[in-house]
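*Asks:* The structure that follows is given in the form of structure tokens.
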Amino acid sequence: MPEKKSAKRVDRRAKMASRSGQTTKKAIASKRTHALDGAGDALEPDASALARIRPEVRDLIPDLVALRRDFHRHPERGFEEVRTSAKIAEELARQGGWKIRTGVAKTGVIADLETKDARGPTVLLRADMDALRTQEDNPGLAYASTNPGVMHACGHDGHMAILLGVARVLARHRGAMRGGVRLVFQPAEEGPGGAEPMIAAGALENPRPDAAFGLHLWSRLPIGSAGVRPGPMMASSDELFFRVCGKGCHGASPHEGIDAIHAAAHLVVALQGIVSRNVNPLQSAVLTIGRIQGGSVVNAIAEEVVLEGTQRAFLPEVRALLQQRVHETAAGIDAAWGTRTEVEYVSRYPALVNDPRMTGLACEEVSALLGADRIREYQVMGAEDMAFFLAQVPGCFFFLGAGNPAKGAAWPQHSPHFNIDEDALPLGVELLVRLAERFVLPPGDVAKRLRDPNAAAGRRRAREGGAA
Ligand SMILES: [Zn+2]
Ligand SMILES: [Zn+2]
């Protein structure tokens, strides 16, 4: 009976999660790291966790690196990921065990694992596929972008390689699993957004996933560390477009016109007052005007000025307050200076909100693999359209450290010099496999691993004579 089955699934999920839910706060070290200051605290690059990954993931390392470099060499922009999605589908088909759907929301790929028993929870794992409109500047890099003006400068090449590695491991063991794993390779994360159209195309149906996980490789966090928090972790993102209309005239007779530049200047300053005077200082918001254009000649009053900007917030009420005050402020400027200002407000991504219980699971696995002292509470004003999945399915998105100056991975995301420490690839595979196992392996197997997370790998290493 469907009702009974779904109740059971929810129960199981709650049970698994409750073991760890309350430990979320404890599991996250109390020190806060601010993403954008770059330095964070004194965490050093440390890839010793590689010794704790299972041998079959270690065996995958050459393939993971080759896949990531292939994607890096051939970056494609949002909704143009044609070669990329073909490569993903081909790789999954070669592995076997996956029911593959291509062309979802243009270039997206969905793959469902055929386990031995479909009754049971379904876990969704997500990677994004798109590259940026950036000219790579990494001289001498053997696998540099061959697509002029386009670059994987955000690590999505690594996300795809990781999820394909996860696919390989899960497909091998699907005979021991029940329930389902759904892999979602989504286009256009950098814009205009591929998650929402993939959901519209059925990414969260038949069956509806019980949990969702994803990660972002992050160069601001050193290799062998991670950042996450329950609740809002990344900001909502909305775009603002203003057209300030005045009346042009001679620059020596401003009283005969309406100066759009003067009014626009007031507008820019007044907008910052919303953040500093209207938003609760204990809640965060950013309002940035990133483009301004107006006027044509040195001695004329400008008739029109165009301004464009972005606003960020973690809480829906702050997001709504910003929107309301932006309109009121523009109207106030018009009243003061006689301009007529058109405001266009384009909603992009909601805030990314991590489910506390799922974040507890992620923290448990990250702590077991990387060490409890290698995980930080983390929050950034950047936006992510994984937020759309997490708005509908309880889940957790976390940052996995990929920074390592010794390997040239010292530049921030979106830099033309961006690169990652590829040791993060097998760590990402191991983490996502472990999270999936929490849902699709018999609870006894998971409990055994949790009691002694290193035992199985250690025993095997000892047999193989390898060093820990
Ligand atoms: Zn990005
Ligand atoms: Zn990204």
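*Asks:* Using only alpha carbon pairs under 8 Å that are at least six residues apart, calculate the relative contact order of segment 236-348 and give it in whole percent.
*Replies:* Details: 227 pairs, mean separation 49.3, N = 113.
Relative contact order comes out at 44 percent.
*Asks:* Based on other C-beta atoms within 10 Å, arrange S296, S367 from fewest to most.
*Replies:* S296, S367
*Asks:* Rounded to the nearest 10 degrees, what's the angle between the helix 316-337 long axis and the longest principal axis of the chain, both from Cα atoms, 0 to 90?
*Replies:* Tilt relative to the chain: about 10 degrees.
*Asks:* Using the 10 angstrom Cβ neighbour count as an exposure proxy, how do S284, S48 rank, fewest first?
*Replies:* Details: S284 17, S48 12.
Going from sparsest to densest Cβ surroundings: S48, S284.
*Asks:* Please determine, in degrees from 0 to 90 and to the nearest 10, the orientation of helix 2-21 with respect to the longest principal axis defined by the Cα atoms of the chain, where the helix direction is its Cα long axis.
*Replies:* Compared with the principal axis, the helix lies near 90 degrees.
*Asks:* Further question on the same structure: Could you give the dipole magnitude of the chain about its Cα centre, charging the beta-carbon of Lys and Arg +1 and that of Asp and Glu -1, in debye to the nearest 20?
*Replies:* That gives a dipole near 2520 debye.
*Asks:* Let me ask you something else. GluC sites (Glu not before Pro) within segment 197-278: which are DSSP loop residues with at most 14 other Cβ atoms inside 10 Å?
*Replies:* Sites meeting the loop and neighbour criteria: E205.
*Asks:* For the Cα atoms of the chain, what angle does the longest principal axis make with the long axis of helix 356-370, in degrees from 0 to 90, nearest 10?
*Replies:* The helix 356-370 is inclined about 60 degrees to the chain.
*Asks:* If each DSSP helix of 4+ residues adds -39,500 (n - 2.57) and the sum is divided by the residues in the chain, what number results at 222 nm, nearest 500 deg cm²/dmol?
*Replies:* Computed ellipticity for the chain at 222 nm equals -11500 deg cm²/dmol.
*Asks:* When a footprinting reagent is the concern and you count Cβ atoms within 10 Å, what order do I289, I223, I333 take, fewest first? Could the numbers behind the result be given before it?
*Replies:* Values: I289 16, I223 30, I333 24.
In increasing order of surrounding Cβ atoms, one gets I289, I333, I223.
*Asks:* Which semi-axis lengths, in whole Å and largest first, follow from the square roots of five times the eigenvalues of the Cα gyration tensor of segment 236-348? Show your work: numbers first, answer last.
*Replies:* On the way: eigenvalues 167, 32, 22 Å².
Each semi-axis is the square root of five times an eigenvalue, giving 29, 13, 10 Å.
*Asks:* Return the Cα extents of the chain along principal axes one, two and three, sorted largest first, each rounded to a whole Å.
*Replies:* 89, 55, 44
*Asks:* Looking only at trypsin sites (Lys or Arg not before Pro) in DSSP loops with at most 14 other Cβ atoms within 10 Å, what is the longest site-free stretch of the chain?
*Replies:* Working: sites that count: K116, R133.
Longest site-free region, per DSSP loop and neighbour criteria: 134-468.
Every number in this text was worked out from the coordinates using simple rules, so none of it is lab data. Treat the numbers as computed from the prediction; the structure is a model and nothing was measured. Note that we place each Cβ from the backbone using ideal geometry, even for glycine, and neighbour counts take in every protein chain shown.
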